[in-house]
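Input: a single structure, listed below in structure tokens.
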Amino acid sequence: MSAGAGTGFAYRDGALHAEDVALASVAARCGTPCYVYSKAALTAAYRGFAAAFASRRHLICYAVKANPNLAILNVFARLGAGFDIVSGGELARVIAAGGDPRKVVFSGVGKTVAEIREALTAEILCFNVESVAELLRIDRIAGELGRIAPVSLRVNPDVDAKTHPYIATGLKDNKFGVAYGDALAWYRRARELKNLRIEGIDCHIGSQLTDVAPFAAAVERVIALVEALNAEGITLSHIDVGGGLGIPYRAEERADGIAEYAAAILNGSANRRETFLFEPGRYLTGNAGVLLTRVEYLKRGGERNFAVVDAAMNDLMRPALYDAWHDIVPLHEHAGTLESWEIVGPVCESGDFIGRDRRLALQEGDVLAIRSAGAYGMSMSSNYNTRPRAAEVMIDGANVHVIRKREHVAELFANETIPA
Ligand SMILES: *Cc1c(COP(=O)(O)O)cnc(C)c1O
């Protein structure tokens, strides 16, 4: 099964369902805004990914930042996943969710001393090291703790991922990893450090790639480097090709999927014996979630019609941040006159829109589903405008599990004090 926009969510008798549950009943019971995830869709996406690489020893390290809810991490942990983390907080989540720290890779350009200590103590699989300074820091801390730190160096293959500039990370002029041309010297340096064990090599070229050609190019560059390392007697246990496989955000959109992705990577690495690591985030969760929101007000007249909904940029930041598209659909397929609407939130920013020029038949009180909201939705949410964050729900067949309660306003300022 693909992770296409349809998996887990479908209309039955005119009512949009997540698996066997009508989304209208979730909105009535749990309120709005509310994130709803389908366990079947999460499972299908993971299994599809694993099946595509069945011929190759591999480990799927789910990128926690895409959606870090404990229940989501637990679904993947039970399926055998490892995890890609970018903070000590994410490591704590993985452990709390029942994940295995020995299947964790730690990425990110700013690992603190405390985070490195925690990760060494938890015996993670590997540090994806992003600078020479970090390499030296990890070596020193490992020495203090009397441990050997497993490391992988993040190289920048310098391929153009042709995605939004904010989520392109593989070009030479960005803050991630080490320049391709410096990588060999780096590995020689790492080999001399006593408290490190060279475990692998790693890259991550960007996010939301819907054409797999850049992945093929990156793997080719990385493997050329692995061969050069082998020639110097440096052998690796794994090759980590990062995350970044995109998803279709529009029902009618065509995007390369897992089959094309696997072919690009497997063809380019036919004779390699290393274990392959993957760090998919969006691909595993993006189309497994929707955000339910209620129409508060309809404002007609003027140049445009506005539908003010109760979800805002603090709940789902992608439209405001990346000008991203999310399909917005009604919970009931009803007849009615389609009109063009600007779907906007209540936050005091003109950038607070969810969708522009959407043809919908709307009435006040209607609930809408914002699709493809399972990745970088809740995880990028904030309390801007003192808005409690949304509830999160996981559907499993006919069962509705609240996996995160809606926040209360009092919690939002519980840590604040007024000086006497
Ligand atoms: C964000 C990130 C990922 C996941 O990216 P997706 O596009 O969600 O697959 C993987 N690895 C690293 C290092 C990242 O920063």
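Some values worked out for this structure:
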quantity: Whole-Hz couplings from phi, Karplus 6.51/-1.76/1.60, listed for segment 262-272; x for Gly and Pro; calculated: 5, 4, 4, 7, 5, 5, x, 9, 3, 9, 6
quantity: Gyration tensor verdict on segment 43-172 (Cα atoms; rounded if a/c is under 1.5, prolate if a/b is larger than b/c, oblate otherwise); calculated: oblate
quantity: Amide H partners (placed H, <5 Å) of I403, local residues excluded; calculated: E392, V393, M394
quantity: R12 paired with A133, simple spin-label distance in nm, labels 7 Å along Cα-to-beta-carbon; calculated: 5.6 nm
quantity: Expected-Rg normalisation [2.2 N^0.38 Å, Cα atoms] applied to the chain; calculated: 1.03
quantity: Mean Cα-pair separation over length for segment 1-145, i.e. relative contact order, pairs under 8 Å, 6 or more apart, %; calculated: 15 percent
quantity: Segment 336-407: C-alpha gyration tensor shape, a/c 1.5 cut-off, then a/b vs b/c; calculated: oblate
quantity: Computed [θ] at 222 nm, helices only, for the chain once each DSSP H run of length n ≥ 4 contributes -39500 (n - 2.57); calculated: -8000 deg cm²/dmol
quantity: DSSP beta bridges in the chain [antiparallel fraction, %, rounded to 5]; calculated: 45 percent
quantity: Loop-resident sites, segment 174-256, for GluC sites (Glu not before Pro), counting at most 11 other Cβ within 10 Å (DSSP); calculated: E232, E252
quantity: L362 long-range amide H proximity, modeled H, under 5 Å; calculated: E339
quantity: Carbon and sulfur %, accessible surface of segment 334-389 computed with the full protein complex present, 1.4 Å; calculated: 46 percent
quantity: I148-S237 pseudo-label distance in nm [points 7 Å out on the Cα-to-Cβ vector]; calculated: 0.9 nm
quantity: Segment 288-306 and segment 92-160: distance between their alpha carbon centers, rounded to Å; calculated: 44 Å
quantity: For the chain: accessible area per residue (Å², 1.4 Å); calculated: 43 Å²
quantity: Carbon + sulfur, % of accessible area of segment 107-280 - ligands and nucleic acids excluded, 1.4 Å; calculated: 51 percent
quantity: Anisotropy class of segment 107-280 from Cα gyration tensor, a/c 1.5 cut; calculated: prolate
quantity: Computed lengthening from R250 to N383, 0.36 nm per intervening residue step minus Cα-Cα distance; calculated: 45.1 nm
quantity: If the convex hull is drawn through the Cα atoms of segment 79-148, its volume per residue in Å³; calculated: 72 Å³
quantity: Formal net charge of residues neighbouring E260 (Cβ-Cβ distance under 13 Å; K, R +1; D, E -1); calculated: -1
quantity: Scattering profile of segment 259-389 at q = 0.09, 0.15, 0.16, 0.22 Å⁻¹ [log10 I(q)/I(0), Debye over alpha-carbon scatterers]; calculated: -0.35, -0.73, -0.80, -1.32
quantity: Cut-off 14 Å between beta-carbons: net charge of the residues surrounding R273, Lys and Arg +1, Asp and Glu -1; calculated: +1
quantity: Residue among A262, V344, N305 farthest towards the positive dipole end of segment 246-365, charges placed on Cβ; calculated: A262
quantity: Rounded to whole Hz, the Karplus (6.51, -1.76, 1.60) HN-Hα couplings of segment 309-319, x for glycine and proline; calculated: 10, 8, 9, 9, 4, 6, 7, 9, 8, 4, x
quantity: Peptide ranges 178-185, 119-126 listed from the most packed, as the mean C-beta count within 10 angstrom indicates; calculated: 119-126, 178-185
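The values are calculated or read from the model by the stated rules, or taken from the named source; none is laboratory data. Just so it is clear, the model here is predicted, and its values are computed rather than measured. Note: ideal-geometry Cβ built from the backbone for every residue, glycine included; neighbour counts use all protein chains shown. When the accessible area is computed, the model is the full protein with side chains, heavy atoms only, and any ligands, DNA or RNA have been set aside. Shrake-Rupley method; radii C 1.70, N 1.55, O 1.52, S 1.80 Å.
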